[in-house]
1. When DSSP beta bridges are limited to those with both residues in segment 26-471, what percentage is antiparallel, rounded to the nearest 5?
2. Calculate the spin-label point distance for residue 18 paired with residue 502, positioning each point 7 Å from the Cα along the beta-carbon direction, and give it in nanometres.
3. Between residue 137 and residue 201, what length comes free when the chain is fully extended (0.36 nm per residue of separation minus the Cα-Cα distance, one decimal in nm)?
4. In debye to the nearest 20, how big a dipole does the chain give about its Cα centre with +1 on each Lys and Arg Cβ and -1 on each Asp and Glu Cβ?
5. If each Cα of segment 425-538 is one equal point scatterer, what is log10 of I(q)/I(0) from the Debye formula at q = 0.11, 0.12, 0.21, 0.23 Å⁻¹?
6. What pairs in 597/620; 597/648; 577/597; 100/138; 344/371 have C-alpha atoms more than 22 Å from each other?
7. Listed here are the pairs 206/353; 76/504; 52/353; which of them are more than 26 Å apart at the Cα?
8. Just subtract the alpha-carbon distance of residue 343 and residue 94 from 0.36 nm times their residue separation and send over the number in nm, one decimal.
Amino acid sequence: MPESHDEAAVTIEALMDEQRTFPPSAEFRAQANVNSESEYQGGEDFVKYWEKQAHHIQWRSPWTEVLDWSNPPFAKWFVGAKLNVTESCLDRHLVDKADKVAYYFEGEPGDSRTITYRELYHEVNQFANGLEELGVRKGDRIAIYMGMVPELPIALLASARLGATHSVVFGGFSSDALRDRINDAEAKVLVTCDESWRNGSRVALKEYADHALEETPSIEKVVVVARTKAAINMVEGRDVFYHDLIASQSGEKVATETDSEDPLFILYTSGTTARPKGIQHTTGGYLLGAAVTHKNVFDIKDDDVYWCTADIGWVTGHSYIVYGPLANGTTSVLYEGVPNFPDKDRFWSIVEKYHVSQFYTAPTAIRTFMKWGSEYADRHDLSSLKLIGTVGEPINPEAWIWYNQTIGHEKCPVVDTWWQTETGHIMISPLPGVTTTKPGSATMPLPGIGADIVDDEGHSVPLGGGGYLVLTHPWPGMLRTIYRDPERFKDVYWGRFSKPSENKWVYFAGDGAKRDTDGYYWLLGRVDDVMNISGHRISTLEVESALVDHPAVAEAAVVGRADATTGQAIAAFVTLKGTVEGNETLLQELRNHVATKIGKIARPASIVFTDELPKTRSGKIMRRLLRDISEQRQLGDVTTLANADVVKEIADRANSAASKQGSTE
């Protein structure tokens, strides 16, 4: 522990010490796309590394300069090069992969569709021609608000075919969120569905869109995919059905030439206040980063069937369902629904049905599977799996071990990946043929990526310490700006640790991390999720991991609540496995378990047992609401929750428990 309050304030303490290691098997290493340590380290400066990787995508004309960093933090990659991303994702595969499956689509109700690269090429061109007929031109913005149906990736690619900029709004967002994002981007066309399927119910997307469109003056046309064939309102002269639009269109369309630095998409970060924060990504560098990391991190081979369970409404879906896999000519699974419809084995039935070889999902989902029990996975043959991955948030060690044993059957490397909407592609991750993994660690920065952990003053923290995760040099897939707000881009991402007078530019990710004595990175979550307990800065993730380490616990969320004595006290919310009963004996056992794992300073002051935790529709725990509950404040907005009804139940239980539980010792 640090010796003084001042020392404690400058870093984040690294309390847990995970010693288990998992080297790649000799068999996996022998066949891996990257299987030497020198390749992992890049072996050269980062600019040369990325230039050497540029062959992974198709260019129309070459660049004059790989990286222009003359006006930091505004980078330009592959300066002057021309391309259209769809030629890398579609056209070039017609030579030898035309009849290869691009997507296996699995609808939530049980319908399915198989789409080859030839068929995908044909329908993307049809829709691009249709959008052009509606007036879409290079540089226009297209808003997309859909469920996870094949027409969703088709819409992204059709936009890119025309050189337009797409802005996907997650189909679980409200009318207000859609309205604000349309208005910020000044989108010309909206593509949506009549309805979508989710958890056995219909989601009225067109109805929500119509509410948003009452206050979106830039929208000229609305294209509607008839997913459920529901009776919906269609505005004459504005609205057109997708299949009517493409029916008479040619399946050929010359792709519009774009510059490497032309915008490809805007993606708005969730949880923003006031004006939405539009993350703008460009074309050449983004596609290259997505393609290279997809191939190397997931060890993609030509006969693989790859499944990323994310929604295309998030950046994970952009990079690792659409652009990365298609650039590599990969066969992917596209699933519309939730993991527990019609039963809790739906994901594993899909893995078995399509012989999935790589499976990429979120730690939140893994902890939910743990809570349900292994019997659902045990019903199915998962022997096709050769690699499993995690994305979206740090994974606690016990969930990692469960995933490795129950889903991977201890034969699949686990790739725990760290990256962000802003980074565009994976930044820190094992390379499965090289890296000895540690449960809960994202391991090392990938080749061509520069990272460090620094203290409050921006000084590198020695091995074994914790602090703030930063990126130390540009990378191809990086965001170029916040749409229409370059000053905010400089301030939000480059303002904390950069020293412009010294020409030192450092990107601050907003995440806390520690680095162990072997140099492995351990993500500790957002710095907003760091608690200050008696002068000690403790990550919520480490306390959550200690709780989940207990055999009775399926999932835990921890927040800091105000405390007159300690500054903050630790409040824990715990979901138990199966039929385990929460009682006073277990409560004290859990507090002592945390104290044993990481120290008495981290022992929760209060623990509330709950059947569910409040989560957004993307599966992230809404800790802000848990802080409101812990401090008995008026609850904030719950409209983005997937399970808003659970909040009152948790609040009632927390109030009941508050009078019974002591404070941190």
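1. Working: 27 of 60 bridges.
In segment 26-471, DSSP labels about 45 percent of beta bridges as antiparallel.
2. With each label point 7 Å from Cα toward Cβ, the separation is 3.3 nm.
3. Values: separation 64, 0.36 × 64 = 23.04 nm, distance 3.65 nm.
Once the chain is fully extended between residue 137 and residue 201, it gains 19.4 nm.
4. On the way: 67 positive and 93 negative charges, 49 e Å.
It comes to approximately 240 debye.
5. At q = 0.11, 0.12, 0.21, 0.23 Å⁻¹ the computed log10 ratios are -0.39, -0.47, -1.26, -1.41.
6. Working: 597/620 25 Å; 597/648 32 Å; 577/597 20 Å; 100/138 30 Å; 344/371 11 Å.
Distance filter (> 22 Å) returns 597/620; 597/648; 100/138.
7. Numbers: 206/353 32 Å; 76/504 17 Å; 52/353 38 Å.
Result: 206/353; 52/353 exceed 26 Å.
8. On the way: separation 249, 0.36 × 249 = 89.64 nm, distance 3.85 nm.
Computed gain between residue 343 and residue 94 is 85.8 nm.
The numbers here are math on the coordinates, done by the rules we state, and not lab data. Note that the coordinates shown come from a computational prediction; the quantities given were computed from them, not determined experimentally. Ideal geometry is used to build each Cβ from the backbone, glycine not excepted, and the neighbour counts take in all protein chains shown.
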